[in-house]
Amino acid sequence: MAEKARAADAYAVGAREPLLSIRDLALDIAGPDGMRPILRVQALDLYPGEVLGLVGETGSGKTLTAMAVVQLFPTPHARITGGSVRFRGRELVGAGPRELAAVRGRRVGVIFQDPSTSLNPVFPVDEPLIRALRIHRGLSRAAARAEAERLLERVGLPGLVGKGRYPHELSGGQRQRVMIALALAGDPELLIADEPTTALDVTVQAQILRLLAELQRERRLAVIFITHNVSLLSGFADRVAVMYAGDVVECGPTAAVLQRPQHPYTQLLLAAAPRLGSGARRLAAIEGLPPSLRERPRGCAFADRCPRAAERCRVEAPRLAPVGEGGPAGGGAATGDGLAAGEGLAAGAGHAVACFFPGGEAQ
């Protein structure tokens with residue numbers, strides 16, 4: 001943990017340029033009544049070797065935001081209509097198929113949420129891995145088989161190559177280990193892990209998280225870890241970005257966000273999560289539902305569910321702004337009018353919140 005704290009400090013002082021930088025990303029989807037906005041992500045940075053946790057309710061836009069990097073969306077009707085996604089300084093919005101193909105798998109690996117639908121049931125599990133190694137690394141079949149065996153052994157599945165084992169013959173945890181090996185086939189710099197522990201029991205969940213942490217340290221990977229379970233982020237993520245209704249509403253070092261949350265949504269999300277040692281504490285519920293994509297509110301998307309919303313919140317949308325010093329909960333009010341497009345969040349690691357009344361009561 002001390003190493004992670006030192007790493008986070010390095011990001012905070014701007015020791016490196018971001019590996020990934022997202023600014024004012026707009027993603028729309030075509031519907032029967034025309035294009036509808038889905039994402040409006042103001043700002044998000046990821047640094048080399050950093051683990052960023054994306055957290056929020058189902059449908060908050062976590063997966064779509066991460067997939068905007070490789071532009072693999074669940075529907076062909078989704079379109080990036082504005083903003084910037086820069087990877088290693090290269091703009092990916094508007095990039096052609098060849099340029100995107102060079103990023104997918106080779107520079108950015110993806111662990112999809114459900115391995116049972118991601119692995120082809122008609123092929124043995126070693127075949128897609130061997131194929132990926134030949135494509136991304138240019139290996140001969142013999143060399144790819146040897147590398148596949150090494151990768152599968154590293155993720156805890158020795159002896160699978162050449163055995164003709166199909167996905168349905170493996171457990172859920174074993175299939176997820178195969179997906180991790182596939183994501184590493186191109187020797188990527190960035191790993192997107194989309195809720196990799198979903199549908200796994202608690203013991204296997206812990207094993208997968210431990211494996212991901214070990215691989216991240218060994219390979220110095222940058223990781224986007226997508227989850228709706230806040231408790232998984234402590235001790236694993238360097239920073240946390242909280243998403244609501246298709247935008248980041250709070251982001252910062254993990255300890256700051258989890259211990260001194262500033263946005264009311266983050267506070268309610270944490271209050272709704274069970275904690276060890278809390279006894280018979282009654283879990284809080286977040287009243288209401290997220291806004292419909294068809295009727296996005298004019299002001300703050302959380303205003304209708306917020307316990308301290310003011311009139312300003314209903315007519316004006318707050319932008320991410322750095323948290324000031326000495327205010328409520330040790331954080332204070334957000335300073336300024338928000339971040340302009342292209343402006344960093346204290347080199348990507350400072351605590352920032354999109355709220356007119358962070359940490360305290362509306363005035």
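The values are calculated or read from the model by the stated rules, or taken from the named source; none is laboratory data. As the structure is a computational prediction, the values presented were derived from the model and not from experiment. Ideal geometry is used to build each Cβ from the backbone, glycine not excepted, and the neighbour counts take in all protein chains shown.
Contact annotation: residue pairs with Cβ atoms under 7 Å, 6 or more positions apart or on different chains, pairing a residue in the range 21-36 that is assigned to a strand (DSSP E or B) with a partner that is crowded, with 16+ Cβ neighbours inside 10 Å and acidic (D, E), are S21/D45; M35/D28; R36/D28.
The selection criterion, being under 27 Å from L52 (Cβ atoms) and either in the same structural domain as V51 (by TED's automatic domain parsing) or outside any helix (DSSP H, G or I) (or both), holds for T198.
Only one of the listed residues (L152, L191, L160) is closer than 18 Å to P115 by Cβ and in a helix (DSSP H, G or I). That residue is L152. Of the residues that make up the range 154-165, is at least one in contact with a strand residue (DSSP E or B) (Cβ under 6 Å, 6 or more places away or on another chain) and crowded, with 17+ Cβ neighbours inside 10 Å? Looking for residues that are in contact with a strand residue (DSSP E or B) (Cβ under 6 Å, 6 or more places away or on another chain) and crowded, with 17+ Cβ neighbours inside 10 Å, one finds none in the range 154-165, hence no.
Assess whether L129 counts as being modelled with pLDDT of 95 or more and assigned to a loop (DSSP other than H, G, I, E, B).
Answer is no for this residue.
For the range 220-241, taking the residues that are modelled with pLDDT under 95 and not in a loop (DSSP other than H, G, I, E, B), the one that is nearest to S60 (Cα to Cα) is identified as T227.
Yes/no per residue for (1) at pLDDT 95 or above; (2) of a type in the set (S, T, N, Q); (3) buried (at least 16 other Cβ atoms within 10 Å of the Cβ); (4) outside any strand (DSSP E or B):
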residue: L100; (1), (2), (3), (4): no, no, no, yes
residue: G109; (1), (2), (3), (4): yes, no, yes, no
residue: Q113; (1), (2), (3), (4): no, yes, yes, yes
residue: P121; (1), (2), (3), (4): no, no, no, yes
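For the range 193-209, residues that are of a type in the set (G, A, S) and surrounded by 23 or more Cβ atoms within 10 Å (Cβ to Cβ) total 1. Of all residues in the range 243-269, those satisfying the criterion of being under 23 Å from D304 (Cα atoms) and under 17 Å from the mean Cα position of the chain (by Cα) are M243, Y244, A245, G246, D247, V248, V249, E250, C251, V257, T266, L269. Residues considered: L182, L190, L212. Of these, the only one that is farther than 30 Å from P291 by Cβ, out of contact with any helix residue (DSSP H, G or I) (no Cβ under 8 Å at 6 or more places or on another chain) and buried (at least 21 other Cβ atoms within 10 Å of the Cβ) is L190.
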